[in-house]
Amino acid sequence: EDVPTTVVGTEIVLRLHSVDAFGNLLRRRDPAVSLRLLSDPPFAGGKLQGDALVADRWRLVPLANGSWDLLVLPDAAPMVYNLTLELSSREYGGLKASRGLRIATLTGEAKTKTSQVVCMPQPPQLAGTRVTCTSMPYDLEGNEVVDTEILVVAETPNGTMEGTRVLPSVDNVGRVVSFIPEVPGVWTVRASVRYDGRDTVELPPFRYEVLPGVAAEGPDQSLVALPSQFVTYTPFDVEITPRDRFGNRIDQDDETFRVHLTGGYKASLDTYGEDVNSLPDLWKVQFAGIYPRTSFHLDVQLLVRQHNESLSMCPELLPRFGRVARLSNFRALGSFAMLECLPGFTRASGAEFLRCEALSEGIGEWRDAEHRQASILVCRHIPFYCPPVTFVDAELIWRHSRREIGSRAYVRCMEGHDFVLGDANLVCGSRGGQGVWLNSNGDEATRMVCTKPQHKCPPLDGTLTNAYIVNMSADRDLDSVAYFGCLPGYEYAGGSKSVFCDLDGAWKRPEQTTPPLPFEAYGCAKISLFCPEPSPLLGLPEKQLEFGARLALVSGRELGARVEFECIEGYQRLLGDMDAVCAVSREDDSKGRWVHSDSAYGGQIDVFPLRCSLVQDWCPNVTVQNGLLVSMTHERYLRSIITFKCDAGYETFRNTKASFRCGHNYANNMADGAWYAVEDDSPIEESLLQCRKIPEFCPSPSGGEGVTLSRGEAWPLDSLLKMQCNFGYEPNPPPGMDRLRCRPSSDPRAGQWVQHDGYAVP
């Protein structure tokens, strides 16, 4: 809460440190952070308090360690500046912090070029007139210096103090001093401000012209010279040397004399002399000759022509920065005057009520109500008469620090802002006794209002690749900060992540470089593994054969990637989608999902993976000669198994196989199925079961007595056995026993002999 104090005209340096949200002191400067100083006069109690700081009176210097140096050169004093430091980040648009700051100022030392001495009444004046001089010391910025001792000296035209009466100081520090000059010429009034232990400061001298007073009568004053002798009937001259009451000779052009000649025989003389100009300070009046033995009387009369026309006896009232509110009887003796300061000015010295009283013959003096010598009113500016200059999005580029009558101020829009309304050139004036800012036409000024130009920078859409604008702090207006982000399914690939709208209407990088650098186009690339692995869509590995589908094409897993499904050879489509597209998940846009490929659905319908069913009769029908089908699974579907065996009376031949599995026909590009031996996957063409008759399938017969048998090498299936009686024997029933055939029996490995009707022979 300590308020830094400085003397106006002296630069004050304040170091500002930055901390993070946890109070840790930052050790390096964030290039995206900027600091701005706002100096708007705050309101308190419905009135403006303090003043605004002129734009060229401060600057901010960023340091490498993250701190800032604020350099302020205030101009008004005594004054408290209410400042606001606003910290913002162009990288993080929502990050803003502000800190209030107050700076108090003190008046500096008096300076010659800004101070002045004013003497009243305004010169020129007659010798003997009371002159009051007011010293007005100001510091370098134009602020009035108070509480200092001032020495005022009035020097005569010859550079001495002779011929003057210095009256006591009106105030205790010698700011207002009166004196009565008695010597005509240009007087020099000098004032100096004394500081303890230091050199004095000389104020600019005031040149005051003093004229000789009015002609006065008396010793060492006006003289009348007559001829030492008169010659009758001969003209003669009367010489008058006019002097004022201090003995100063008066130019003959300044006064008019009239000489009246009376007397003579029976008072016959009554004439006025004829003016004859000669020397500047000698007045001549010529008369005609007089008669002999004539006594006469000369009456010298003074007619004031320049210094005291009409009835005016006291000096003309010309108050500095004031006016005569009321004046009676034309400054004649006994008249009074009411003086007042003009609006915007206040009394510095002198009296406001004056009465004209006689000082000497032919001259009057203004005195106060108590008949004391008084000086004419001297007014000075009222400091801070006009209110602080206010504006909107503008800045004060120059202003007289005192804000007094006649002070000027210049306002302009902040850099990069557009003018809306208001006056730029202001002058402090008065309306209704109140200080107001006026424009160049003398009308009450309108405060300047500026605004950030709308859409100063071009659209950003065309600069983004697979990205979008996350946020814009102020659309495309000046200082607007835009932040980019990748569209779902994309990841950052390069370019400026944020930009700001610069003064020149171009988007720039937010780093605090001078000048700011052009931004690089923000781009994003597809996330390579955005969607999950598509294989699980077809089921777990152990179920893939159950669903009968597989991945036919996988273009990738990035956004927009495509997968195609197909039925495995031996399967045909049952239901489901034949393809899918990688899209953004509805639940979490940071992840992808597989959706229906039809664009009409807008990626909102999840894919229904392909489901296939087995193709009936995928593998061809197979028969085995002299064999039979023992079993078959899935009706010749893919992976069905058939098993053969040889017919009764037959046996496997040449190591052929009896069991086969339905598989893909690779010889026909798997367009159909083929059978492969279960045992060794050999093609059925190479290993199909072959059966041959079992030799000695039926038992070898034995004939009875008198019987002859037709014998073969073996008795395979369907062998025919013929029996006949030998000679000498005849058939013995039963009948039909003469021809037998070998047929299967209940034992598949052994046959039996049967009659033609199929009955087995016992």
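When restricted to residues that are within 23 Å of residue 250 (Cβ to Cβ) and open to solvent by 20 Å² or more (accessible area, probe 1.4 Å), region 124-154 contains 4.
Considering region 51-71, the residues that are open to solvent by less than 70 Å² (accessible area, probe 1.4 Å) and over 22 Å from residue 87 (Cβ atoms) include one that is modelled with the lowest pLDDT, namely 51.
Which one of 600, 671 is open to solvent by 40 Å² or more (accessible area, probe 1.4 Å), part of a helix (DSSP H, G or I) and either among the hydrophobic types (A, V, I, L, M, F, W, C) or touching a helix residue (DSSP H, G or I) at 6+ places or on another chain (Cβ under 8 Å) (or both)? The conditions single out 600. Scanning region 332-346 for residues that are in a loop (DSSP other than H, G, I, E, B) and modelled with pLDDT under 90, we see that the one that is most open to solvent (accessible area, probe 1.4 Å) is 333. Tallying residues that are under 30 Å from residue 639 (Cα atoms), assigned to a strand (DSSP E or B) and out of contact with any Cys (no Cβ under 8 Å at 6 or more places or on another chain) within region 564-597 yields 7. Checking each residue in region 347-373 for being hydrophobic (A, V, I, L, M, F, W, C) and either under 14 Å from residue 120 (Cα atoms) or outside any loop (DSSP other than H, G, I, E, B) (or both) picks out 348, 351, 353, 354, 356, 358, 359, 363, 366.
Among the residues of region 690-698, is any open to solvent by less than 40 Å² (accessible area, probe 1.4 Å), touching a residue at least 24 places away in the same chain (Cβ under 8 Å) and of a type in the set (Val, Ile, Thr)? Yes. Taken together, 185, 174, 197, 218 contain a single residue that is modelled with pLDDT under 80, more than 30 Å from residue 8 (Cα to Cα) and either of a type outside the set (A, V, I, L, M, F, W, C) or touching a Phe, Trp or Tyr at 6+ places or on another chain (Cβ under 8 Å) (or both), which is 218. Do we find that residue 10 is of a type outside the set (Gly, Ala, Ser), at pLDDT 70 or above and part of a strand (DSSP E or B) in this structure? Answer is no for this residue. Of everything in region 421-442 that is surrounded by fewer than 16 Cβ atoms within 10 Å (Cβ to Cβ) and small (Gly, Ala, Ser), the residue that is farthest from residue 340 (Cα to Cα) is 440. Scanning region 633-661 for residues that are outside any loop (DSSP other than H, G, I, E, B) and either open to solvent by 70 Å² or more (accessible area, probe 1.4 Å) or among the polar types (S, T, N, Q) (or both) gives 634, 635, 643, 645, 652, 659, 661. Taken as a whole, the condition of being farther than 30 Å from residue 650 by Cβ, open to solvent by 70 Å² or more (accessible area, probe 1.4 Å) and among the β-branched types (Val, Ile, Thr) applies to residue 605.
Restricted to region 509-535, and to residues there that are in contact with a Lys or Arg (Cβ under 9 Å, 6 or more places away or on another chain) and of a type in the set (D, E, K, R), the residue that is surrounded by the fewest Cβ atoms within 10 Å (Cβ to Cβ) is 533.
The values are calculated or read from the model by the stated rules, or taken from the named source; none is laboratory data. Keep in mind it's a predicted model, so treat the numbers as computed, not measured. Counting neighbours? That spans all protein chains shown, and the Cβs are built from the backbone with ideal geometry, glycine included. Only protein heavy atoms, including side chains, enter the accessible area calculation; ligands, DNA and RNA are left aside. Shrake-Rupley method; radii C 1.70, N 1.55, O 1.52, S 1.80 Å.
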